[in-house]
Amino acid sequence: MMHKNNTKFILFLLSFLLLVFSCQKEPQQTEYQIKDFDEALSNQLTANQIDSLFQLVNTFKVDEGKIDLLLNIYKKSIKSRPIRHDILDTALLEAKMIDYKLGMGMAYDKKGLNSRYSLKYQESVTNHKKALTYFKQTTDTFRTIKCLNSLGVSLRRLNLEKEALNYYLEALELSRAIDNERSEAISLNGIGNVFVNIEQYTKAMPYFKDALAIEMKNDNPRGIKYDLNNIGECFMFQQKYDSALFYYHKALIYAKKLKRRDNTSVLYNCIGRLYQLKGDYYKSNEYYQLALPKLEKYDGKRYLANTYINLGKNYQLLGDQKSALHYIEKGIALALEINSPENIITGYDALFKYYKQNKRFDLALMNYQKSIQLRDSIKGEETKRNIAALESVYENSRKENEIKRYQYREKLYHKQDIIEWLIIVFLFLSAIAIFILLQYRKKNNKLVVDQMRNDIQEYILQIKELQSLSYDEKKNEKEIFQKNAEKYGLSAREMDVLLLISQGLKNDEIAEKLFLSVSTIKTHTRNVFIKLDVRNRIEASRKAQNI
């Protein structure tokens, strides 16, 4: 099978080269050439095939099509290995040469992902921010959203929760604007994980559940597994272990079906942590040991460091001091290598307890101080207050948008009503005109027709006068009421509330008419009672009539 694929690929390259050089001396990038590449790029390619394609595309004139091809060839190298960073660098360089904004954005975005997978989070943030600058100069909203979410992940890894939340919220807003539910679920998960980072699990839970509902609706097993895992983690840290296990085991079912390389190992790590918190250290070690093979094989360093440290903590509590120190030191070394603050703190805490138990108080104190210093540098009340404030801003913004949508619908319905009445009036007037015409033809009497017209005009004028009079009377009455009500010190909003009370409306009905909350209406009503010196709505209505 592999031999056939190689033969087919070689034939493709030969025929392609023949076509290019027979058509023109100077190589050009054309639409049909890009389409021809689609077939080759749709297959799994070897490292040699990728190199051949790269060399071929390098002969083309620099334009947007060539850069897109280079980026697609680079993506193929990610799966086939080794990853061809030189192809990505070439694409970025040539995109800069022709000022291809989208190409530069895609190249920097991929560099940001590479840095994150290499656990170089600060470098990842720098590259993603460059990518975002270019994406925002294009109309590609989807790639902008992906870049925003990627920025959130890297910033979260650096414990920069406030900045991460800002990018997640922007991604969420754009996702809803273009109705992209997959991106919306990713943003919701990111926001939830920000709250997990600062140990505000009850605030994280609604975001994870909203994301799960979206993934269930779209039948996305990978997303469902991720959301179930996150919900399980929230329950675990709230010490609701049975609920946490329920969600973890549901997530395991999806993970095993997906057959991805590290799906189950991450979940085994989480379940190991759960049993550790419950105090069942033997059971905890069983799950941690299940997680180790794939984490070690596929270089899952962040979870691997966490697993080593927690295995060490368990062995210490089980009395195996030698194994405890071995695993804790191994975990800290890996955490320091990847600069994972949460794992470094966990490791220093574990070493502090280990040395304290073994009466090595000098080393215990040293590790305790390291833990406290690092924790204080990344955790603080200011961060939590900022996150809470941002959440409040987001909630208020969401409510304001809902009110605006409601007001827009009301205006739309009002316009529809006006159009319907205009149609009715038009039909009515048309009927009158036809009637007059028939009468004119029947009687053939101009005087009668003129008289009827005069009567109709007089009738219309009377209606207008009556309408004008009614409007003026109502306006005068309202002005008199407002003038008299001002003597009691009522605000404009309190006058509105008093008028509606006098019409017999309840608080919820008043709230709906004024687009305010029921609690706000209750506050206005209480102020009206105090200023009018009345005890209830009946007395207020009577006084309003006197005013």
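The values are calculated or read from the model by the stated rules, or taken from the named source; none is laboratory data. It should be emphasised that the depicted structure is a prediction, and the values quoted were computed from it without experimental measurement. So basically every Cβ, Gly included, is an ideal-geometry build from the backbone, and we count neighbours across all protein chains shown.
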message: Residues that are within 26 Å of Gly300 (Cβ to Cβ), free of Cβ contacts under 8 Å to residues at least 12 places away in the same chain and not in a helix (DSSP H, G or I): does the range 118-137 have at least one?
response: yes
field: Search result, residues across the range 52-100 that are under 24 Å from Thr139 (Cα atoms), surrounded by fewer than 20 Cβ atoms within 10 Å (Cβ to Cβ) and of a type in the set (Lys, Arg)
entry: Lys75, Lys96
query: Is there a residue being hydrophobic (A, V, I, L, M, F, W, C), at pLDDT 95 or above, over 26 Å from Ser377 (Cβ atoms) and in a helix (DSSP H, G or I) anywhere in the range 161-173?
result: yes
statement: Only one of (1) farther than 30 Å from Gln373 by Cβ; (2) assigned to a helix (DSSP H, G or I); (3) out of contact with any helix residue (DSSP H, G or I) (no Cβ under 8 Å at 6 or more places or on another chain); (4) not aromatic (Phe, Trp, Tyr) does not apply to Ala333, and that is (1)
- prompt: Take the residues of the range 225-236 that are over 16 Å from the mean Cα position of the chain (by Cα) and not aromatic (Phe, Trp, Tyr): which is farthest from Gly190 (Cα to Cα)?
  reply: Met236
query: For the range 329-371, what are the residues that are closer than 15 Å to Gln316 by Cα and β-branched (Val, Ile, Thr)?
result: Thr346
field: Only listed residue being surrounded by 12 or more Cβ atoms within 10 Å (Cβ to Cβ), modelled with pLDDT under 85 and of a type outside the set (Gly, Ala, Ser), chosen from Arg375, Arg385, Arg360, Arg409
entry: Arg375
- prompt: Checking Tyr298 against (1) under 35 Å from the mean Cα position of the chain (by Cα); (2) surrounded by 17 or more Cβ atoms within 10 Å (Cβ to Cβ); (3) within 30 Å of Arg81 (Cβ to Cβ); (4) free of Cβ contacts under 8 Å to residues at least 60 places away in the same chain, which single condition isn't satisfied?
  reply: (2)
- line: Note: among Glu64, Glu26, just one is modelled with pLDDT of 75 or more and of a type in the set (Asp, Glu), namely Glu64
- prompt: For the range 65-85, which residues satisfy the criterion of being charged (D, E, K, R), assigned to a helix (DSSP H, G or I), out of contact with any Asp or Glu (no Cβ under 9 Å at 6 or more places or on another chain) and farther than 16 Å from Tyr108 by Cβ?
  reply: Lys76, Lys79
query: For the subset of the range 45-64 comprising residues that are in a loop (DSSP other than H, G, I, E, B) and of a type in the set (A, V, I, L, M), which member is nearest to Ser115 (Cα to Cα)?
result: Leu45
message: Out of everything in the range 202-250 that is among the polar types (S, T, N, Q) and in a helix (DSSP H, G or I), what residue ends up being surrounded by the most Cβ atoms within 10 Å (Cβ to Cβ)?
response: Asn230
task: Output the number of residues of the range 167-180 satisfying the condition of being surrounded by 16 or more Cβ atoms within 10 Å (Cβ to Cβ) and touching a helix residue (DSSP H, G or I) at 6+ places or on another chain (Cβ under 7 Å).
output: 9
- line: Given the conditions (1) surrounded by 15 or more Cβ atoms within 10 Å (Cβ to Cβ); (2) in contact (Cβ under 8 Å) with a residue 24 or more places away in the chain; (3) in contact with a Ser or Thr (Cβ under 9 Å, 6 or more places away or on another chain), every one holds for Gln545 apart from (1)
task: Starting from residues that are among the aromatic types (Phe, Trp, Tyr) and in contact with a Leu (Cβ under 6 Å, 6 or more places away or on another chain), keep the ones in the range 280-308 and report whichever is nearest to Ser340 (Cα to Cα).
output: Tyr303
- request: Please indicate, with yes or no, whether at least one residue in the range 264-273 is surrounded by fewer than 20 Cβ atoms within 10 Å (Cβ to Cβ), without any contact (Cβ under 8 Å) to a residue 60 or more places away in the chain, under 30 Å from Gly319 (Cβ atoms) and of a type outside the set (D, E, K, R).
  value: yes
- line: Glu199 passes all but one of the listed conditions (1) surrounded by fewer than 21 Cβ atoms within 10 Å (Cβ to Cβ); (2) of a type outside the set (A, V, I, L, M); (3) in a helix (DSSP H, G or I); the exception is number (3)
task: Search the range 496-521 for residues that are part of a helix (DSSP H, G or I) and pair each with any residue that is acidic (Asp, Glu) when their beta-carbon atoms are under 9 Å apart and the residues are at least 6 apart or on different chains.
output: Leu500/Glu509; Ile510/Asp496; Lys513/Asp496; Leu514/Asp496; Val518/Asp508; Ile521/Asp508
